[in-house]
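Every read-out reported here was derived from the displayed coordinates using simple, explicitly stated rules and does not represent laboratory data. Please read all numbers here as calculations on a predicted model, not as lab measurements. With ideal geometry, Cβ positions are generated from the backbone for all residues, glycine too; neighbour counts draw on all protein chains shown.
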């Protein structure tokens, strides 16, 4: 019966999987991928009709999988979260310093914000659009935003920050404020996210390593200074 | 003819003004006040029917005043902006230092964010919800957000900041990121907005005045220390 939900408007072939072709998993993933994309581009106010049309899924199938659109909003954020995390947070195998691992997130944000398709952090956008802090989507948004803060706190602890919890909150604030700036200005961040995060890292005692190439100018060895060494001039 | 638009669902009496009772100004203000309130509480996706019902204005009147709902969104932000500015930015008659005048904005944000009705900065929320950077409402949002940044830059210049333009951008980022935090967490800011702004002011050279009472602990004169003066203990 559920095979019928695959008929019609599918434009992208489903990847080959060992599950039967009519498995609800495929429909679910397709619905959530379309929902995540549509909600991010147009807002969570997109109606069920438009959503099902974009996903190539019947409304009947949607309501077999989810009790309400509210649940689709929440589940679509959950589905997109690991991809968003991978796009931002360095892997466990990346053995750079805590400072560099934290700045990596802001460098990624600078890159993402330069895209004309950037519409801010999907979790913040969802929470702002839903208005109700008890909406299932707001709860999922909070959980995933907390995961970023946890990453910052863990790195801050490893780096010996004076107050890792405060620093993690501050870095999340810079992340979200910089994202808002990119949306409001409809412009890339031009380094201000990295510069601001680096300033807070300096203050918290996560110092710049000797070989660093991040934002602040490094001291130039005397012999390499243009115009010679002024201290001896 | 336009007198008919006042009939019916008005719940709040219009203030007495020297203009004739059926003047479009009254209808316009009432529509925009209702729109600003409704869009902030429920999002800019609220339909024209619901908007006109809340305002006690007929759709016909609305379309006599505005070509489209998009224009109502833009005009309602413009209408709310002076009140929002007054709630945040100290007056010209407030002769505290630039540092204190800047921190005043963050103290006000801390107070606003403690309300269960806080839904973030109305300009950022509108830009995020509208998605299109060319929407008339997005343009108005950007203009009013820029006014806050201009206030910060002007104060930063007066205070002798090392880079007033950068500091103003950073403070706007902290303002917007802290606002997002309050929305996502559905919680007050508990001082993190003021603390973060103060840290950036320190870094930029807008130093704490001797009589300051802001976030950082001040040295306590020896004779007033609880438990006596430990340096002599």
| task | Would you point out the residue of the stretch B:184-201, among those that are more than 18 Å from residue B:117 (Cα to Cα) and within 8 Å of another protein chain (Cβ to nearest Cβ), that is surrounded by the fewest Cβ atoms within 10 Å (Cβ to Cβ)? | result | B:199
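A quick yes/no check of all residues on (1) buried (at least 16 other Cβ atoms within 10 Å of the Cβ); (2) touching a residue at least 60 places away in the same chain (Cβ under 8 Å):
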position	(1), (2)
B:61	yes, no
B:74	yes, yes
B:89	yes, yes
B:93	no, no
B:99	yes, yes
B:106	yes, yes
B:128	yes, no
| remark: Of the conditions (1) closer than 21 Å to residue B:196 by Cα; (2) assigned to a helix (DSSP H, G or I), the single one that residue A:189 does not satisfy is (2)
| message | List the helices (runs of 4 or more DSSP H) inside the stretch A:92-173, counting only whole elements, that have at least 3 residues being more than 9 Å from every other protein chain (Cβ to nearest Cβ). | response | A:98-113, A:136-158
